[in-house]
Amino acid sequence: MRRAIMATKFPPAPKVGMVSLGCPKALVDSERILTKLRADGYAMSPDYAGADVVLVNTCGFLDSAKEESLEAIGEAIAENGRVIVTGCMGNEAELIRARFPDVLAVTGAHQYEAVVNAVHEAAPPVPNAFVDLVPEGGLKLTPRHYSYLKISEGCNHRCAFCIIPSLRGDLVSRRVDAVLREAEKLVQAGTKELLVISQDTSAYGVDTRHETREWRGRQVRAHMTDLAEALGELGVWTRLHYVYPYPHVDQVIPLMAEGKLTPYLDIPFQHAAPSVLKAMKRPANEAKVLERIRSWRAICPDIAIRSTFVVGFPGETEADFQYLLDWLEEAQLDRVGAFRFEPVEGAAANALPNAVPEEVKEERYARIMEATARISAAKLQAKIGRTLPVIIDEVGEADEDGSIGATARSEADAPEIDGNVFLRDVQAAHPALAPGDIIDVTIEDADEHDLYGVPVDPLHKGA
């Protein structure tokens, strides 16, 4: 007997808009939230007008970041009216509701279930057996070829200028097998570069007493070195961020020299003067760090070290600042960012005496940026004539003569925070070049932050 198959008409899926602010860790939170919502049958809206509800994932680390978050909430309220707030400013719900009484809900950082439930209440999901499957590895807000891999939440440090523990709690490490399975899925979905992030990557697994889990038929320990070695087996660039210089960091340098890890370390030094480090409640071992940097470069000459520094911290003298400049001259870090000290509500540093005047902060900020730009320019000039592997981020449109430009990054460059490698004469050599391709490039020129070069061989792509 022939049976008629009736088409079932489902109402349209509710749409969610997302504004994600702050650091890459918050971006990962946003991806997880959207992945869960997509699995629940929600569609994503690229603008306010098409959204049934808008999520604003806030940053609350600095007062300036809080103000940016409040502005984003206000814009979403004005443009859409149905707004749910989550993220690091979620612990200041009273402030948010006082300024924006119409917000539908306020949840805190990495409270995934709470924010998803708030979306369900604001715009109930529509049952739909034919909803598209969530992409392998989850919904991504970053380009397909690189992905952030968060390995833990929170932090056990109590730095005087930081309120992260009050926002995100103490260290909570993810299971090592769960991290590795996520990494595998991301690679299978097209990721060519994994960016390992946390508040303190070097402390990974401390809270679980470095428990072991099975992965690929063997036991892997929840420890930074074991995790790094396992990730190195996946055959993609693997970049380590937020690495505190604990002694065991020395063990990952040979993995970089062997090509298993990207030769790159992001270390939050923050300062070098012992008195300032003590006031910041950070370890004052700047001399030993210089020795270790020299040993790292002896093992892996191409290692790129990036860091950030705070100038104008309460009590910082001119002698302290000059000490920092001298230390930077000796350390010769590859990538450096600097910030003027900014009081953060709830931070212990706010109560310290001898605040540095704003005009002095500005003057010191200008000096450190000038010094680090000069160091960067010299280090990049030394790369002229070398052939380096680069990963393609963007491919431009052809101009009148058919020439196509492309933007790439070397192993020394993390996306969005470091420099670029700008490619010339692409169309003749690589007509099918696409984001995520890893190719060899001859460096022809450099400036303070970026490199310029041409592809070496149209048929050869790096590993």
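The values are calculated or read from the model by the stated rules, or taken from the named source; none is laboratory data. Every value quoted in this text rests on a predicted model; they were computed, and no experiment measured them. Here Cβ is always computed from backbone atoms with ideal geometry, including for glycine, and neighbour counts include all displayed protein chains. With ligands, DNA and RNA removed, areas are computed over all heavy atoms of the protein, side chains included. Shrake-Rupley method; radii C 1.70, N 1.55, O 1.52, S 1.80 Å.
Answer with one residue from CYS88, SER20, TYR42: the one whose Cα lies farthest towards the positive end of the charge dipole of region 15-122, charges on Cβ with Lys, Arg +1 and Asp, Glu -1.
Farthest along the dipole direction, towards plus: TYR42.
Does the chain come out rounded, prolate or oblate by the C-alpha gyration tensor, with a ≥ b ≥ c the root eigenvalues, rounded set by a/c under 1.5 and, if not, prolate when a/b is larger than b/c and oblate if not?
Oblate, because a/c is 1.5 or more while a/b does not exceed b/c.
Using the structure shown, select from LYS192/LYS260; LYS66/LYS185; LYS260/LYS383 the pairs with a Cα to Cα distance greater than 24 angstrom.
LYS66/LYS185
Once label points are set 7 Å from the Cα along Cα→Cβ at both ARG297 and ALA382, what is their separation, rounded to one decimal in nm?
Each label point is offset 7 Å from its Cα along the Cβ direction, giving 0.5 nm.
Tell me, what is the FRET efficiency for VAL360 and GLU394 to the nearest 0.05, using R0 = 45 angstrom and their Cβ-Cβ distance as r?
Efficiency for this residue pair is about 0.65.
Would you mind calculating the gained length between GLU416 and VAL454 on full extension (0.36 nm times residue separation, minus the Cα-Cα distance), in nm to one decimal?
Stretched out fully, the GLU416 to VAL454 stretch lengthens by 11.5 nm.
Normalised by the residues of region 15-122, what does the relative contact order come to in percent, with Cα pairs under 8 Å and at least six apart?
Relative contact order here is 26 percent.
To the nearest 20 debye, what is the magnitude of the charge dipole of region 65-129 about its Cα centre, counting +1 on the Cβ of each Lys and Arg and -1 on the Cβ of each Asp and Glu?
Result for region 65-129 is approximately 160 debye, rounded to the nearest 20.
Taking the Cα centre of region 15-122 as origin and charging only Cβ (+1 Lys, Arg; -1 Asp, Glu), how large is the dipole, in debye to the nearest 20?
It works out to roughly 280 debye.
Full extension from GLU342 to ALA178: what is 0.36 nm times the residue separation minus their Cα-Cα distance, to one decimal in nm?
55.3 nm
Size of the dipole of the chain about the Cα centre, Lys and Arg at +1 and Asp and Glu at -1 on the beta carbon, nothing else charged, in debye to 20?
Computed charge dipole of the chain: roughly 1960 debye.
How big is region 146-382 on each of its three principal axes, counting only the C-alpha atoms and giving the largest first in Å?
58, 44, 31
Would you mind checking which residues have amide H under 5 Å from VAL53's amide H? H placed 1.01 Å from N; only 5 or more apart, or other chain.
So VAL53 has HN proximity to LYS15, GLY17.
Which residues' amide hydrogens lie under 5 Å from the amide hydrogen of THR212, considering only partners 5 or more residues apart or on another chain, with H built in the peptide plane?
ALA222
With unit charges on the beta carbons (Lys and Arg positive, Asp and Glu negative) and the dipole taken about the Cα centre of the chain, which residue among LEU328, PRO268, PHE339 sits farthest to the positive side?
Among LEU328, PRO268, PHE339, the one farthest towards the positive end of the dipole of the chain is PRO268.
At a Förster radius of 30 Å, what calculated FRET efficiency corresponds to the Cβ-Cβ distance of LYS185 and ALA93, to the nearest 0.05?
The pair LYS185/ALA93 has a calculated efficiency of 0.30.
Given the protein chains as shown and a 1.4 Å probe, how many square angstrom of MET18 are accessible, to the nearest 10?
50
With θ set to phi - 60° and the Karplus curve 6.51 cos²θ - 1.76 cosθ + 1.60, what are the ³J(HN,Hα) couplings of region 152-165 in order, to the nearest whole Hz, using x for Gly and Pro?
7, 10, x, 7, 8, 6, 10, 5, 5, 8, 10, 10, 4, x
So who's got an amide H within less than 5 Å of the one on ARG335, skipping anything under 5 residues away but keeping other chains? H placed 1.01 Å off N, in plane.
When sequence neighbours closer than 5 places are left aside, the close amide H contacts are ILE305, ARG306, SER307.
Farthest toward the dipole's positive end in region 295-400, which of ALA382, ILE299, ALA366, given Cβ charges of +1 (Lys, Arg) and -1 (Asp, Glu) about the Cα centre?
Of the options given, the answer is ILE299.
Tell me the label-point distance for the pair ASP326, SER275, using the 7 Å Cα-to-Cβ offset, in nm and rounded to one decimal.
Those two pseudo-labels are separated by 1.3 nm.
Let's test the formula: R0 of 25 Å, r as the Cβ-Cβ distance of THR308 and THR442. What FRET efficiency results, to the nearest 0.05?
0.20
In square angstrom, what is the accessible area per residue of region 15-122 with a 1.4 angstrom probe?
Counting only protein heavy atoms, the per-residue value for region 15-122 is 41 Å².
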